[in-house]
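Colleague: Provided herewith is a single structure, encoded as structure tokens, for subsequent inquiry.
The values are calculated or read from the model by the stated rules, or taken from the named source; none is laboratory data. Treat the numbers as computed from the prediction; the structure is a model and nothing was measured. Note that each Cβ is placed from the backbone with ideal geometry, even for glycine, and that neighbours are counted across all protein chains shown. The area values use the complete protein model at the heavy-atom level, side chains included, leaving out ligands, DNA and RNA. Shrake-Rupley method; radii C 1.70, N 1.55, O 1.52, S 1.80 Å.
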Amino acid sequence: LTQHVYPRLLDGRSAKSPVRIWVPGCSTGEEVYSLAINIYEFLETNRLQIPVQLFGTDVAEKNILRARSATFSDKILTQLSDQRIERFFEATAGGYRVIKHLREKCVFAVQDITRDPPFARIDLISCRNVLIYFDTAFQETVLPMFHFALKSDGYLLLGASESLGRFPTLFAPFDRKVN
């Protein structure tokens, strides 16, 4: 993302045009907050003042409530560098909470992506490990919806075990090997 996608998404973008990122099937919000940290670091490193909006959706309300809490167990200590933990989290009684500055960039909502309308004008959809849980019929509903939601120069990020199924022409592959 930092080497290939963000530079293209942000090239020539004004501060009046926020980057919009959507994570359908966000579960506990971990991926949403990871992307928030990642793009924030990119913007800071490149001295860019571009607003960012991140949307996390999930069909389960309990997942959305957990994601909104932005609280994670001590397990994150093994997954993140000490610098990132110190910079982007505050210690709580049961673990760590994402700092307010990043929480405010993230909106979480209950959404059934097989039935509810999608977001629009999205720059990046991160759909890692969601499609693998859908049968072919659901994938055939969801992939055209993602195509509709993305800007013409937007990106769809899939997990290593996922594919475009019957819709390989809706999206132009950027790099099948980038993780």
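Colleague: Out of curiosity, is Pro24 without any contact (Cβ under 8 Å) to a residue 40 or more places away in the chain and either within 14 Å of the chain's Cα centre (by Cα) or within 26 Å of Phe146 (Cβ to Cβ) (or both)?
Modeller: On the way: without any contact (Cβ under 8 Å) to a residue 40 or more places away in the chain: no; either within 14 Å of the chain's Cα centre (by Cα) or within 26 Å of Phe146 (Cβ to Cβ) (or both): yes.
Judged against the criteria, Pro24 is not a match.
Colleague: Among the residues of segment 123-160 satisfying the criterion of being in a loop (DSSP other than H, G, I, E, B) and modelled with pLDDT under 80, which is nearest to the chain's Cα centre (by Cα)? Full working, then the answer.
Modeller: Keep residues of segment 123-160 that are in a loop (DSSP other than H, G, I, E, B), which gives 128-130, 134-135, 159-160.
If we keep only those that are modelled with pLDDT under 80 as well, we get 129, 134-135.
Details: Asn129: 12, Phe134: 19, Asp135: 22 Å.
By that ranking, first place goes to Asn129.
Colleague: Out of Arg8, Arg20, which single residue is outside any loop (DSSP other than H, G, I, E, B), of a type outside the set (A, V, I, L, M) and surrounded by fewer than 21 Cβ atoms within 10 Å (Cβ to Cβ)?
Modeller: Unique residue meeting the criteria: Arg8.
Colleague: Here's a follow-up. Go through (1) modelled with pLDDT of 95 or more; (2) exposed (fewer than 12 other Cβ atoms within 10 Å of the Cβ) and name the single condition Arg87 misses.
Modeller: For Arg87, the exception is condition (2).
Colleague: Given the conditions (1) free of Cβ contacts under 8 Å to residues at least 60 places away in the same chain; (2) open to solvent by 80 Å² or more (accessible area, probe 1.4 Å), which single one is not true for Ile99?
Modeller: Here Ile99 meets the rest and fails (2).
Colleague: List the number of the failed condition for Phe167; all other conditions in (1) open to solvent by 60 Å² or more (accessible area, probe 1.4 Å); (2) part of a loop (DSSP other than H, G, I, E, B); (3) among the aromatic types (Phe, Trp, Tyr) hold.
Modeller: With (1) open to solvent by 60 Å² or more (accessible area, probe 1.4 Å); (2) part of a loop (DSSP other than H, G, I, E, B); (3) among the aromatic types (Phe, Trp, Tyr) applied to Phe167, the lone miss is (1).
Colleague: Further question on the same structure: Does segment 78-85 include one or more residues that are closer than 30 Å to Gln139 by Cα, out of contact with any Cys (no Cβ under 7 Å at 6 or more places or on another chain) and either in contact (Cβ under 8 Å) with a residue 24 or more places away in the chain or of a type in the set (Ser, Thr, Tyr) (or both)? Steps first, please.
Modeller: We begin by selecting, within segment 78-85, every residue closer than 30 Å to Gln139 by Cα; these are none.
No.
Colleague: Let me ask something additional. With the condition kept exactly as written, say whether any residue in segment 63-80 is part of a loop (DSSP other than H, G, I, E, B), closer than 14 Å to Leu35 by Cα and within 16 Å of the chain's Cα centre (by Cα).
Modeller: Quick first cut of segment 63-80, residues part of a loop (DSSP other than H, G, I, E, B) only: 70, 73-75, 80.
Adding the requirement that they be closer than 14 Å to Leu35 by Cα leaves 70, 80.
Applying the additional criterion that residues be within 16 Å of the chain's Cα centre (by Cα) yields 70.
Scanning segment 63-80, I find at least one residue that is part of a loop (DSSP other than H, G, I, E, B), closer than 14 Å to Leu35 by Cα and within 16 Å of the chain's Cα centre (by Cα), so the answer is yes.
Colleague: Then there is this: Please go through segment 58-77 and give me each residue that is within 27 Å of Leu131 (Cα to Cα) and open to solvent by 50 Å² or more (accessible area, probe 1.4 Å), ordered by number.
Modeller: Val59, Glu61, Lys62, Leu65, Arg66, Arg68, Ser73, Lys75, listed by residue number.
Colleague: If Arg13 passes every condition in (1) farther than 21 Å from Lys151 by Cα; (2) out of contact with any Pro (no Cβ under 9 Å at 6 or more places or on another chain); (3) surrounded by fewer than 21 Cβ atoms within 10 Å (Cβ to Cβ) but one, which one does it miss?
Modeller: All conditions pass for Arg13, except number (1).
Colleague: Being at pLDDT 90 or above, assigned to a loop (DSSP other than H, G, I, E, B) and open to solvent by 50 Å² or more (accessible area, probe 1.4 Å) narrows it down to one of Asp116, Asp112, so name that one. Full working, then the answer.
Modeller: On the way: Asp112 fails: open to solvent by 50 Å² or more (accessible area, probe 1.4 Å).
Selected residue: Asp116, the only one of Asp116, Asp112 that is at pLDDT 90 or above, assigned to a loop (DSSP other than H, G, I, E, B) and open to solvent by 50 Å² or more (accessible area, probe 1.4 Å).
Colleague: Suppose the filter is open to solvent by 10 Å² or more (accessible area, probe 1.4 Å) and within 20 Å of His147 (Cβ to Cβ); does Phe55 pass it? Spell out how you get there, then give the answer.
Modeller: Numbers: open to solvent by 10 Å² or more (accessible area, probe 1.4 Å): yes; within 20 Å of His147 (Cβ to Cβ): yes.
Criteria met by Phe55.
Colleague: Among the numbered criteria (1) under 24 Å from Glu162 (Cα atoms); (2) part of a loop (DSSP other than H, G, I, E, B), which single criterion is violated by Thr57?
Modeller: The single condition Thr57 does not satisfy is (2).
Colleague: Any residue that is in contact with a Lys or Arg (Cβ under 8 Å, 6 or more places away or on another chain) and polar (S, T, N, Q) - is there at least one of those in segment 28-40?
Modeller: Looking through segment 28-40, at least one residue is in contact with a Lys or Arg (Cβ under 8 Å, 6 or more places away or on another chain) and polar (S, T, N, Q).
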